[in-house]
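Here it is, the structure, as structure tokens.
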Amino acid sequence: MSTPWLWTVAAGLVWAGTANAHDHEPDWLDAIGTLHLEAGGATVVRGDGMAWVDVRIVNLTDQPASLVRLELRRDGEVIQSDDHLAELPAVGQAGEDYARLELRLDEAVTSATGEVEGILNAQARALERVQAASVSAHLYPGHDLTGVWSVTVTVDGEAGCEKHEVPLDLQRHPLLPDGTSVAARRGFDHATNCWRVLPPRSGHDAIWSAGDQHLHTTWSLDAYALEGTEEGPAGYADAARSFGLDWIMITDHSNVHAWYFGTWFFTPEQHEIARQEAADYRSSEGWPVLYSQEMGLGRTGFWDLPSHMLVYPLDTFDAPYLENPSSGLVFGHAECEDEQVILDRINSNGCYGFIAHPYEEGTLSFAKWDWDNGATGWAGLELWSNAEGEFHEADLSSLEKWHDLLGDIAPPSGGSLAARPGFPTRFPVGVGNSDAHTVSAIGNVFTYARLDDVTPATLREAFLTGRCVASDGPLVTIDVNTAGIGDVAILPDGRGRAVVRLETTAEFGPVSDYAFVLERDGATLMELPTSDVSGYAVEFVIDSPTMFADATYLTAWAQRSDLERLAMTNPVWLQSAEAGDVDGDGEVGVDDLLTMLASWGPCEGCPADGDGSGSVDVNDILMLLANWSA
């Protein structure tokens, strides 16, 4: 597979050393000896979404203090203030203990000594002392987000009152692309191998919506303990709406069995509390927040670590609690049940599973997916999973493996792909998710899906048919002979008309900033010229009698030149058929004639347009009759 821009991203953004996006470290770890002040929340919002700021303060010195005032400022002017009057116990020693134990833990893991569990328990106690001493507050800047923003806190300590400040980046942007914007158009002339300007047109009739299906709330121990996350499903839904998403799926860790901060994690009772909160939010707000879980499965390596599987419900907004026994090293992460046992449990309980971050691994917490484990029954995989919105080497590995898997799928026949015994999908579907453990990271990577509205049925249809695009902002779509992403396109006599579209907004930059690539069977077929196109939407029309005839599938991706924005499609599958065989069933008969008559008139790219004239007319009828077989 030739993906030059993606290779550049991997080289530029891959984590240094052995750390990765899922080895969580507390945000305060580098602030030991100081007053740690951090601000997050819904600080980047889209449309008319409401912004808010979450503030967290931890006194990591050796002297106690008091928080006496909290201020939200714009251009130096106080917009909101609060006389907080909260105690800030000194927990610098606990922070130092945690950092020292982290170094000991690395040595113990490397040497595989018996100290690991004791170090983890001591580290958990230090973490609990810091977490218990943190103070949180919520600020609301209002609708106008222009100006230079900051949060200041005034602290009364041994040295008297001190003021501390942290800058805020508050931004309001247009709504996410939905595939309907008017686009500049370029047409490819197969005979001359040149592009020509076509009249602009508005986008698809089908609306593309956006959601994030891998999120961890306060009911995930790592989110609560390491990130200080306090929000449950309702808070996550509020943030996702502000970010312009159309749904979210919360997937709290279910294979974590630990007594921590005076609470057991993760219990059926907690699942029910969170599930009910999600249901209440849907009832009161009419917005689809779904609740489920991320399960551990398998036992890999010396430490018997599991991989991770995301559970999505088939016919309901919320999945039931599924047992996920584990024991051992990191808060009960290890020694999970076999992959097939967990997958069978998922599928037999009205759900389906997606492999989470297949090439990521976390120290003493989870392992890469074992592609040789022989497990069946999973629906697809995360092509891209990153809470910061960055595309790393592990994501590139997922993408390359995905194309290998697609290459093993038999080409379509009879107008469809063959069923895969034991699997809920006809091909491994690729998605993008954030794996956010704080509200600020929701939607930093997400999935576009072609939906009329958001219901369990439409989400199931989109994710099981592969009508999905992984993205952190821009929208890329493909249609071939009117068949869309995830569908099978019939190519009469091998003739194909591909319409490849890129849509962005001012937030994500003009299309001229993007490399835009059409792929055939996982390899670059054509780099689409964007440099001379102005605006935020472009559509390339490629008519060819031969270019797609021997291909099995087409995919496309677009990436901004600074490597900060990226979108990748699922495949459009291709099947060549003789002229007149509109449904691709191998025969030219009455059904094809009826379809042709129903498509009569201008119909660019219709399978019934056998001669590629842009219209279904008498010539197409004559071609059909010449090939009549039934």
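Amide H of TYR352: which non-local residues (sequence gap of 5 or more, or other chain) have their own amide H closer than 5 Å, using H built in the peptide plane?
When sequence neighbours closer than 5 places are left aside, the close amide H contacts are TYR312, LEU314.
Still on this structure: Can I get the semi-axes of the range 204-472's equivalent ellipsoid? Compute them from the C-alpha gyration tensor as square roots of 5 times the eigenvalues, in angstrom, largest first.
Square roots of five times the eigenvalues give 26, 23, 17 Å.
Mind checking the angle between helix 233-242 and the chain's longest principal axis? C-alpha axes, 0 to 90 degrees, to the nearest 10.
60
By the 4.7 Å beta carbon criterion, which cysteine residues of the chain come out unpaired?
Flagged as lacking a Cys partner: CYS161, CYS194, CYS336, CYS351, CYS468.
Add -39500 (n - 2.57) for each DSSP H run of 4 or more in the chain, then divide by its residues: what number comes out at 222 nm, to the nearest 500 deg cm²/dmol?
Here the helix-only value at 222 nm equals -6500 deg cm²/dmol.
How big is D for the range 578-626, in µm² s⁻¹ as a whole number, if Stokes-Einstein is applied with the Kirkwood radius of its Cα pairs at 37 °C and 0.692 mPa s?
The Stokes-Einstein estimate is 323 µm²/s.
Continuing with the same structure: Mind checking the dipole of the chain: about its Cα centre, +1 per Lys or Arg Cβ, -1 per Asp or Glu Cβ, Debye to the nearest 20?
800
Quick one: length gained pulling GLN63 to GLU77 fully straight, 0.36 nm per residue minus the C-alpha distance?
That works out to 2.0 nm of additional length.
Taking the Cβ of VAL91 as the center, what net charge do the other residues with Cβ under 11 Å away carry, scoring Lys and Arg +1 and Asp and Glu -1?
-3
Another question, if that's okay. For ALA556, what residues show an amide H to amide H distance below 5 Å, using hydrogens built from the backbone and excluding near sequence neighbours?
Here GLU519, THR569 satisfy the definition.
Would you indicate which of (i) 48, 28, 21; (ii) 42, 31, 25; (iii) 36, 31, 26 is the value of semi-axes √(5λ) of the Cα gyration tensor in Å derived from the coordinates of this structure?
(i)
Positive end of the dipole of the chain, charges at C-beta (+1 Lys, Arg; -1 Asp, Glu), about the Cα centre: which of SER615, ALA258, SER326 has its Cα farthest in that direction?
With unit charges placed on the Cβ atoms, the residue in question is SER615.
In degrees, nearest 10, range 0 to 90: what is the angle between the Cα axis of helix 4-13 and the longest Cα principal axis of the chain?
0
Here's something else I'd like to know. Considering only C-alpha atoms, what is the centroid distance from the range 167-226 to the range 103-165, in Å?
The range 167-226 and the range 103-165 have Cα centres separated by 35 Å.
Bear in mind these aren't lab numbers, they're just calculated from the coordinates by the rules spelled out. This one's a predicted model, so the numbers in the text were calculated from it and none came from an experiment. We place every Cβ from the backbone using ideal geometry, glycine too, and count neighbours over all the protein chains shown.
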